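S.K.: Dropping the structure in here first, questions after.
The values are calculated or read from the model by the stated rules, or taken from the named source; none is laboratory data. The structure displayed is predicted, hence computed values, not measured ones. We place every Cβ from the backbone using ideal geometry, glycine too, and count neighbours over all the protein chains shown.
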Ligand code: 5AD
């Protein structure tokens with residue numbers, strides 16, 4: 001699919017034609033990754049963050065949020081829950097928290113890999129290459145690091161760097177290359193509808209997914225957080241009507257479906273951001289339009305509300321037990337099966 005074709009689908013409004021897009025994406029999903037929906041237990045291990053991303057509710061300058069960091073015992077409790085529920089993977093995610101010490105985490109990863117069959121995914125921000133290497137050596141399998149937008153100018157405006165300069169897209173992309181060189185399965189992704197994001201730049205994002213040969217890609221609509229500069233309308237402004245990508249549920253499905261067509265073998269989650277916009281059926285619609293992964297939240301309930309990267313995250317409303325009960329039924333209701341085993345890219349290919 002060419003960049004122009006991607007662009008045409010992004011601006012398509014005809015409902016009947018969009019049905020075609022959903023059908024194409026669903027067929028590609030079935031052909032390349034099958035009917036299994038892989039469950040990855042998400043553990044939000046810390047909401048401390050050194051960065052100042054203009055859209056994110058746990059950004060360092062936001063003093064209105066109580067900060068937490070899970071202990072090794074608390075994380076282990078979540079890991080046991082993942083095993084009990086039959087999940088194949090745990091995803092440990094946090095803000096860019098330098099209080100998470102590299103050796104401390106390496107020991108935890110080693111324990112998970114020796115005592116369970118789980119795959120381990122990390123999503124901890126732009127950590128140093130030697131730390132990424134240490135965690136890989138300890139057994140970590142995958143790493144998620146979204147590039148958020150491929151428009152270097154927009155990237156710089158929404159991500160202040162640690163040196164007072166605008167953050168650099170190239171640094172983020174370089175880190176993704178390091179991850180691949182270290183043998184991680186690498187995941188990335190973008191937000192859809194960031195103020196200032198054009199259709200052309202979103203089409204370029206999708207083309208970059210292909211170029212980077214990503215193993216996992218997470219996409220979701222941007223959701224304004226009122227305690228952030230961009231959520232308050234500062235830093236970046238929406239483009240003119242017809243140029244600005246809307247941060248809608250529909251645009252979320254379009255990007256998901258196009259991502260499946262462009263990267264047919266990748267693992268694509270039906271994201272929480274989609275479920276937040278359509279609590280009733282967002283997850284199912286995601287599964288029907290290209291996704292093959294769901295990430296149930298295993299963070300202990302007393303911390304979950306504190307990991308508020310955007311308001312009213314869908315996972316806040318549901319208990320983990322209820323979610324676990326409901327999720328199999330919901331997966332089967334759309335004619336799919338629950339994946340067994342780690343569900344990595346290689347096991348799919350093999
Ligand atoms: N709206 C939507 N997605 C967000 N993220 C962070 N803040 C927001 C927001 N306000 C996404 C980013 C990040 C991921 C963990 O969550 O893409 O990489």
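S.K.: Counting only residues that are touching a residue at least 12 places away in the same chain (Cβ under 8 Å) and either surrounded by 15 or more Cβ atoms within 10 Å (Cβ to Cβ) or within 16 Å of the ligand (Cβ to nearest atom) (or both), which one in the stretch 153-166 is nearest to residue 188 (Cα to Cα)? Give the steps one after another, and end with the answer.
M.R.: Step one: filter the stretch 153-166 for residues touching a residue at least 12 places away in the same chain (Cβ under 8 Å), giving 154-160, 162.
Now narrow it down to the ones that are either surrounded by 15 or more Cβ atoms within 10 Å (Cβ to Cβ) or within 16 Å of the ligand (Cβ to nearest atom) (or both): 154-160.
On the way: 154: 17, 155: 15, 156: 18, 157: 20, 158: 17, 159: 16, 160: 19 Å.
The residue in question is 155.
S.K.: One residue is enough: does the stretch 214-230 have a residue meeting the conditions in a helix (DSSP H, G or I), surrounded by 18 or more Cβ atoms within 10 Å (Cβ to Cβ) and modelled with pLDDT of 95 or more?
M.R.: No, the stretch 214-230 contains no residue that is in a helix (DSSP H, G or I), surrounded by 18 or more Cβ atoms within 10 Å (Cβ to Cβ) and modelled with pLDDT of 95 or more.
S.K.: Next question. Kindly indicate which of 17, 59, 69, 40 is more than 16 Å from the ligand (Cβ to nearest atom) and either under 24 Å from residue 137 (Cβ atoms) or surrounded by 15 or more Cβ atoms within 10 Å (Cβ to Cβ) (or both).
M.R.: On the way: 17 fails: either under 24 Å from residue 137 (Cβ atoms) or surrounded by 15 or more Cβ atoms within 10 Å (Cβ to Cβ) (or both); 59 fails: more than 16 Å from the ligand (Cβ to nearest atom); 40 fails: more than 16 Å from the ligand (Cβ to nearest atom).
Of the residues listed, the single one that is more than 16 Å from the ligand (Cβ to nearest atom) and either under 24 Å from residue 137 (Cβ atoms) or surrounded by 15 or more Cβ atoms within 10 Å (Cβ to Cβ) (or both) is 69.
S.K.: From the set of residues in the stretch 171-202 that are within 16 Å of the ligand (Cβ to nearest atom) and either part of a strand (DSSP E or B) or without any contact (Cβ under 8 Å) to a residue 24 or more places away in the chain (or both), which is farthest from residue 129 (Cα to Cα)?
M.R.: My answer is 192.
S.K.: Based on this model, can you work out whether residue 83 counts as under 23 Å from the mean Cα position of the chain (by Cα), more than 16 Å from the ligand (Cβ to nearest atom) and more than 30 Å from residue 235 (Cα to Cα)?
M.R.: Yes: the conditions hold for residue 83.
S.K.: Next question. Which of (1) more than 19 Å from the chain's Cα centre (by Cα); (2) crowded, with 20+ Cβ neighbours inside 10 Å; (3) under 23 Å from residue 341 (Cβ atoms) is the odd one out, the single condition residue 122 does not satisfy?
M.R.: (1)
S.K.: In addition: So is residue 279 out of contact with any strand residue (DSSP E or B) (no Cβ under 9 Å at 6 or more places or on another chain) and crowded, with 23+ Cβ neighbours inside 10 Å or not?
M.R.: The answer is no for residue 279.
S.K.: Next question. Within the stretch 269-280, does at least one residue satisfy the condition of being assigned to a loop (DSSP other than H, G, I, E, B) and within 14 Å of the ligand (Cβ to nearest atom)? Walk me through it before giving the result.
M.R.: At the first step, the residues of the stretch 269-280 found to be assigned to a loop (DSSP other than H, G, I, E, B) are 270-271, 278-280.
Of the ones still in play, those that are also within 14 Å of the ligand (Cβ to nearest atom) are 271.
Checked against the condition, which is being assigned to a loop (DSSP other than H, G, I, E, B) and within 14 Å of the ligand (Cβ to nearest atom), the stretch 269-280 yields at least one hit.
S.K.: Under 7 Å by Cβ, and 6 or more places apart or on different chains, what pairs join a residue from the stretch 211-230 that is without any contact (Cβ under 8 Å) to a residue 40 or more places away in the chain with one that is within 11 Å of the ligand (Cβ to nearest atom)?
M.R.: These pairs meet every condition: 212/188.
Let's see how each residue does on (1) modelled with pLDDT under 95; (2) within 18 Å of the chain's Cα centre (by Cα); (3) outside any strand (DSSP E or B):
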| site | (1), (2), (3) |
| --- | --- |
| 42 | no, yes, no |
| 49 | no, yes, yes |
| 57 | no, yes, yes |
| 60 | no, no, yes |
| 67 | no, no, yes |
| 74 | no, no, yes |
| 79 | no, no, yes |
| 90 | no, yes, no |
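S.K.: Those residues that are surrounded by 15 or more Cβ atoms within 10 Å (Cβ to Cβ), in contact (Cβ under 8 Å) with a residue 60 or more places away in the chain and in a loop (DSSP other than H, G, I, E, B), I need them from the stretch 232-263; list them, please.
M.R.: If the condition is that a residue be surrounded by 15 or more Cβ atoms within 10 Å (Cβ to Cβ), in contact (Cβ under 8 Å) with a residue 60 or more places away in the chain and in a loop (DSSP other than H, G, I, E, B), then 235, 236, 245 are the ones that fit.
S.K.: Tell me whether the stretch 203-213 contains one or more residues that are assigned to a strand (DSSP E or B), within 16 Å of the ligand (Cβ to nearest atom) and crowded, with 20+ Cβ neighbours inside 10 Å.
M.R.: Checked against the condition, which is being assigned to a strand (DSSP E or B), within 16 Å of the ligand (Cβ to nearest atom) and crowded, with 20+ Cβ neighbours inside 10 Å, the stretch 203-213 yields no hits at all.
S.K.: In addition: When you look at residue 150, is it outside any helix (DSSP H, G or I), touching a strand residue (DSSP E or B) at 6+ places or on another chain (Cβ under 9 Å), away from the ligand (no atom under 12 Å from the Cβ) and at pLDDT 95 or above, yes or no?
M.R.: Against the criterion (outside any helix (DSSP H, G or I), touching a strand residue (DSSP E or B) at 6+ places or on another chain (Cβ under 9 Å), away from the ligand (no atom under 12 Å from the Cβ) and at pLDDT 95 or above), residue 150 qualifies.
S.K.: When both residues are 6+ apart or on different chains and their Cβ atoms are under 6 Å apart, which pairs have a first residue that lies in the stretch 116-138 and is touching a residue at least 12 places away in the same chain (Cβ under 8 Å) and over 19 Å from residue 89 (Cβ atoms), and a second that is more than 16 Å from the ligand (Cβ to nearest atom) and part of a helix (DSSP H, G or I)?
M.R.: 129/178; 131/102; 134/102; 134/106
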